[in-house]
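Trainee: I'd like to ask you about the structure that follows.
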Amino acid sequence: MGFGDLKSAAGLQVLNDFLADRSYIEGYVPSQADIAVFEAVAAPPPAELCHALRWYNHIKSYEKQKASLPGVKKALGKYGPADVEDTTGATTDSKDDDDIDLFGSDDEEESEEAKKLREERLAQYESKKSKKPAVIAKSSILLDVKPWDDETDMAKLEECVRSIQVDGLVWGSSKLVPVGYGIKKLQIQCVVEDDKVGTDMLEERITAFEDYVQSMDVAAFNKI
Amino acid sequence: GPQELALLERSLGLQEGNKYGVQGERKIPVLQTNNGPGLIGLVTIAAYLVKQAKKEQLLGSTAEEKAVVQQWLEYRVTQVDGCCGKEDTRIILKDLNMYLEDKVYLAGNNFTLADILMYYGLHPIMADLTVQEKEKYLNVSRWFNHIQHYPGVRQHLSNVIFIKNRLYTNAH
């Protein structure tokens with residue numbers, strides 16, 4: 001997780017993409033998560049990163065209340081998209097180690113190229129040191145599976161759904177939820193790897209059990 | 001109409017037992033008050049309910065904010081409610097998407113009655129959009145998803161799902 005270096009254009013771009021469909025860093029209310037990232041960003045993002053700028057100006061309007069916003073400030077690397085590597089330097093020796101800072105120098109003006117190269121090498125160094133495996137983007141999906149009528153064998157219906165075995169799909173808990181007229185729908189949780197399994201495919205496979213399943217809907221969808 | 005006003009009452013935390021009726025061909029809502037002829041019109045009644053609930057900040061705090069709130073309440077009744085057909089919808093969504101690029105709420109930084117009534121008014125439209133359309137009107141989707149999560153607003157209305165499909169984000 002994390003956004004990379006929020007003082008760099010690359011980090012701000014990650015923040016911008018992350019905020020395109022979100023009002024806040026976490027959840028739907030301003031929190032210490034927003035304050036933590038706001039303080040790291042330090043200056044208004046450029047106008048072309050319109051989502052980051054919108055968020056920045058909005059959080060700035062909470063400046064007076066920032067101490068009372070809910071939540072607890074965590075390290076920057078804990079926020080942001082799940083599929084970005086945490087390059088916020090959880091290791092302490094990256095800055096002290098002279099071997100890495102091959103092109104940088106406090107006295108000289110860094111050329112764009114040299115700076116880019118240095119950032120790339122830093123990221124590579126961090127990823128070698130990091131013992132974490134590559135983060136796979138996953139989502140938790142809650143599905144509503146509706147039977148034809150109240151006579152449908154819901155145990156068999158559930159069996160059919162769980163019989164769908166695909167790489168990147170893990171079935172979770174389920175329960176029967178009454179929807180009226182004696183009919184119950186199956187509400188079942190699953191965790192999918194975003195690159196391998198999509199809701200369209202799930203719908204196709206589930207509704208293929210025509211004898212039992214009338215329709216399938218996505219009741220909830222959360223990125224993990 | 002009356003159903004929406006009942007939703008609004010609950011989202012404002014009111015339990016006044018107000019009585020609503022409708023009048024005319026266009027079924028304009030009417031609120032029977034104890035003294036007087038009754039209040040007519042969605043926006044008029046909504047503003048009255050906000051005051052009844054003692055939540056006047058929902059009508060805007062500064063003069064400018066109040067004007068913006070009124071602007072969107074008017075928009076809801078004149079543009080959204082009068083809208084029929086794909087072309088009208090497209091224009092509304094396009095206008096709203098541009099407007100919301102730099103704003104979290106319709107009035108800017110604060111949640112107001114404008115957000116509530118625009119959410120209720122747009123719900124049937126948003127519920128019918130395809131995945132690509134939701135991605136296209138990204139700012140509207142972001143705002144709508146935010147409002148539907150605001151405590152007390154959505155109630156029994158269906159939760160509209162928004163999925164950020166990575167296929168399309170690279171097109172920006």
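The values are calculated or read from the model by the stated rules, or taken from the named source; none is laboratory data. Keep in mind that this is a model prediction, so the values were computed, not measured. For neighbour counting, all protein chains shown are included, and Cβ atoms are generated from backbone atoms with ideal geometry for every residue, glycine included. Heavy atoms of the whole protein, side chains included, go into the accessibility calculation; ligands, DNA and RNA do not. Shrake-Rupley method; radii C 1.70, N 1.55, O 1.52, S 1.80 Å.
Trainee: Going by the structure shown, is B:H123 within 14 Å of chain A (Cβ to nearest Cβ) and either in a helix (DSSP H, G or I) or open to solvent by 70 Å² or more (accessible area, probe 1.4 Å) (or both)? First the steps, then the outcome.
Mentor: Numbers: within 14 Å of chain A (Cβ to nearest Cβ): no; either in a helix (DSSP H, G or I) or open to solvent by 70 Å² or more (accessible area, probe 1.4 Å) (or both): yes.
For B:H123, the condition - within 14 Å of chain A (Cβ to nearest Cβ) and either in a helix (DSSP H, G or I) or open to solvent by 70 Å² or more (accessible area, probe 1.4 Å) (or both) - is not met.
Trainee: Hey, among B:L14, B:L49, B:L31, B:L5, which residue is open to solvent by less than 20 Å² (accessible area, probe 1.4 Å), part of a loop (DSSP other than H, G, I, E, B) and over 26 Å from A:N57 (Cβ atoms)?
Mentor: Just a single option satisfies the conditions, and that option is B:L14.
Trainee: Take the residues of segment A:21-80 that are of a type in the set (V, I, T) and part of a helix (DSSP H, G or I): which is nearest to the other protein chains (Cβ to nearest Cβ)?
Mentor: A:I59
Trainee: Scan segment B:126-137 residue by residue and report those that are assigned to a helix (DSSP H, G or I) and surrounded by fewer than 18 Cβ atoms within 10 Å (Cβ to Cβ).
Mentor: Quick first cut of segment B:126-137, residues assigned to a helix (DSSP H, G or I) only: B:126-127, B:131-136.
Across segment B:126-137, the qualifying residues are B:A127, B:V131, B:Q132, B:E133, B:K136.
Trainee: For the structure I just gave you, tell me whether B:L58 is in a loop (DSSP other than H, G, I, E, B) and open to solvent by less than 80 Å² (accessible area, probe 1.4 Å).
Mentor: no
Trainee: Oh, and also: What's the total number of residues in segment B:63-106 that are within 14 Å of chain A (Cβ to nearest Cβ) and under 12 Å from the mean Cα position of the chain (by Cα)?
Mentor: Qualifying residue count for the region: 2.
Trainee: In this structure, does A:C190 turn out to be of a type outside the set (D, E), assigned to a strand (DSSP E or B) and either open to solvent by less than 40 Å² (accessible area, probe 1.4 Å) or assigned by the TED database to the domain that holds A:A208 (or both)?
Mentor: For A:C190, the condition - of a type outside the set (D, E), assigned to a strand (DSSP E or B) and either open to solvent by less than 40 Å² (accessible area, probe 1.4 Å) or assigned by the TED database to the domain that holds A:A208 (or both) - is met.
Trainee: Do we have any residue at all in segment B:155-165 that's assigned to a helix (DSSP H, G or I), closer than 24 Å to B:V43 by Cβ and under 15 Å from the mean Cα position of the chain (by Cα)?
Mentor: no
Trainee: Can you tell me how many residues within segment A:17-32 are over 15 Å from B:V104 (Cβ atoms) and either free of Cβ contacts under 8 Å to residues at least 60 places away in the same chain or surrounded by fewer than 16 Cβ atoms within 10 Å (Cβ to Cβ) (or both)?
Mentor: 1
Trainee: Here's a follow-up. Taking A:Q189, is it under 20 Å from B:F162 (Cβ atoms), at pLDDT 90 or above and more than 14 Å from every other protein chain (Cβ to nearest Cβ)?
Mentor: Judged against the criteria, A:Q189 is a match.
Trainee: Cβ-Cβ under 7 Å, sequence separation 6+ or interchain: first residue in segment B:64-84 and at pLDDT below 90, partner part of a helix (DSSP H, G or I). Which pairs?
Mentor: What qualifies is B:C83/B:T89; B:C83/B:I92.
Trainee: Now for a separate question. Can A:L143 be described as open to solvent by less than 80 Å² (accessible area, probe 1.4 Å), modelled with pLDDT of 65 or more and assigned by the TED database to the domain that holds A:L15?
Mentor: No; evaluated as a whole, the condition is false for this residue.
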